[in-house]
Structure formats: structure tokens, C-alpha cells
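Here, each number is a calculation from the coordinates, and none is a lab measurement. This is a predicted model, so every value here is computed, not measured. Neighbour counts run over all protein chains shown; Cβ positions are idealised from the backbone, glycine included.
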Amino acid sequence: MDVAAATPGRGSPYGRPMRRLVWTVVVLAFVAGGAAAVDSVLRGQAEDRIASEVTAIPGLQTTPGVSIGGFPFLTQVAGGSLDTVRLSTPTAAVDGLRLDDVEVELSGVLIESPYTASRAVLTARTTPEAVEDVLAVDLDLAVRGGQLVARTTVAGLPLDVVLAPRVSGREVSVEIAGFVLAGVAVSADDVPAEVTAGLTGVWFVLDGLPAGMVLTEVRVLDDDLLLRAEGTDLDLAAVVAAG
């Protein structure tokens, strides 16, 4: 038996099919890589277009970052909707309230009119000083020990009124959670009624949120507050405007 003739390779009856198989794999790999590159380019163009359209919306200080999630992008386009679109901007303003680290995540975004998102979640941070600017009452707010407090004085001594923020619809309100006079916890009976007047009730309203979005959380962090709003079946332009 001729061993050389039986071995796949040059002169072998199996050589040409094997080489064709190898070249087919190489070509398919190249095509797949090219398709991925095209997908990436088109995704980037779509992100740039969204970002450029958002810059004209009042309240934004800088061009927002845009990230379209899911892969491949072209398959999503063919299906008529994008899995997720994330928008972010360092700062924005809603109804005069300065917001920082604003992020909007949209899910199920239709790419044809009426350009709706099946769900939207907005998160942002705001400072006690920013909240002071939108209140109807004059308060000295701060975050101390993970608690939101309004500082005043009683008989020349510093008094911290501990506040527990709450959300309902688009309103942010507070409840009085305690009192700390000169570093010592005291009861409400030890605090003049006029000191607490105007502290409870609605603090501010964010009617500038897109139609269908409501506040779902307000949380006190180490130095500021976190706001979260959610909504469904929203107009994309309206959701982006909130960011």
C-alpha cells in the first residue's frame, strides 16, 4: 500500500476537500467578523444620532451618553425594537431641582413611530442644597450620619430635626423622625411647636417628569439623596427629556 497516497495532503485524494473545508471556515470567520464590525458601526451611528437629538432638550448641561444594549444590533432593528437604551448625563434639572449622575434606562424601544418604550427607569442624585433651592420654606438641610436633617437653634443650642423623606406620585414629602438637641436625642414635647411648623407636608413636586412616570423611591445616602422614577408605555422623547 502506498502510504503517501493514503495520507491526506499533497497528492492525496482527500487533500483538495480538506483544503476547501479549511478555506470555507476561514471565509466564514472573516464574514462573521465583518458583520460584527458593521453591526458595531451602525450601533455607534444610532447612538450618536440619539445623543445629537437629545442635546436640544432644555435642562441638559452636556451631551448625554447613549448606549444601545443587546447583540446583534441589526437583528433588533429587523425586529422593530431595541432591547435596551441607556442614557446618562452628569447633570440636569427638572422643575428647578438640580439632578446629578442622571441615568435613564429604556426597555423595548420601538424604532418606528410612535417611538415608545415599554418601560423606563430614571435614577438621579440630588444634594440637600439643591433641595433647599426648590422649597417654599427657608431650611438649612444637611445629611448627617445617613439621615436627612434640618438644622435650627433652640435657646441658642443647635437642634437637628431628623426628617424621613417619602414619595407619592410625583411628590416628595417628609415626616419628622426625631430631634437631636446639642447632640442629645429629645422628644417632641421638648421642642417648641413653631420650630416644626412647615417641616411636614409636601416639599416639592416634579411635574417635569415624562407623562406616565412617577417617583418610586427617595433614599438618603452618605452625602446626598437618590431619586428613582419609573413608568411604562412611554413616549421616548418625553422620557429622554427627563434626563
Checklist line | Number of the condition not met by Ala130 [criteria: (1) part of a strand (DSSP E or B); (2) surrounded by 15 or more Cβ atoms within 10 Å (Cβ to Cβ)] | finding: (1)
Item checked: Filtered residue count, the stretch 69-103, keeping only those that are touching a helix residue (DSSP H, G or I) at 6+ places or on another chain (Cβ under 6 Å), in a strand (DSSP E or B) and either more than 22 Å from Leu42 (Cα to Cα) or among the β-branched types (Val, Ile, Thr) (or both) -> 2
Notebook entry, point to check: In this structure, does Val205 turn out to be among the β-branched types (Val, Ile, Thr), closer than 18 Å to Val134 by Cα, crowded, with 19+ Cβ neighbours inside 10 Å and touching a residue at least 40 places away in the same chain (Cβ under 8 Å)?
Noted result: no
Item checked: Residue list for the stretch 158-184, restricted to those being more than 37 Å from the chain's Cα centre (by Cα), assigned to a strand (DSSP E or B) and surrounded by 11 or more Cβ atoms within 10 Å (Cβ to Cβ) -> Pro158, Leu181
Check: Being part of a strand (DSSP E or B), without any contact (Cβ under 8 Å) to a residue 12 or more places away in the chain and either of a type in the set (Ser, Thr, Tyr) or in contact with a Pro (Cβ under 7 Å, 6 or more places away or on another chain) (or both), is that true of even one residue in the stretch 140-156?
Finding: yes
Note to self: So Ser107 passes all but one of these: (1) surrounded by fewer than 13 Cβ atoms within 10 Å (Cβ to Cβ); (2) within 19 Å of the chain's Cα centre (by Cα). Which condition number does it fail?
What the structure shows: (1)
Check: So which residues in the stretch 158-177 are over 13 Å from Val195 (Cα atoms) and not hydroxyl-bearing (Ser, Thr, Tyr), if there are any at all?
Finding: Leu163, Ala164, Pro165, Arg166, Val167, Gly169, Arg170, Glu171, Val172, Val174, Glu175, Ala177
Note to self: Can you pull out every residue in the stretch 185-202 that is small (Gly, Ala, Ser) and either part of a strand (DSSP E or B) or under 15 Å from Leu135 (Cβ atoms) (or both)?
What the structure shows: Ala185, Ala197, Gly198, Gly201
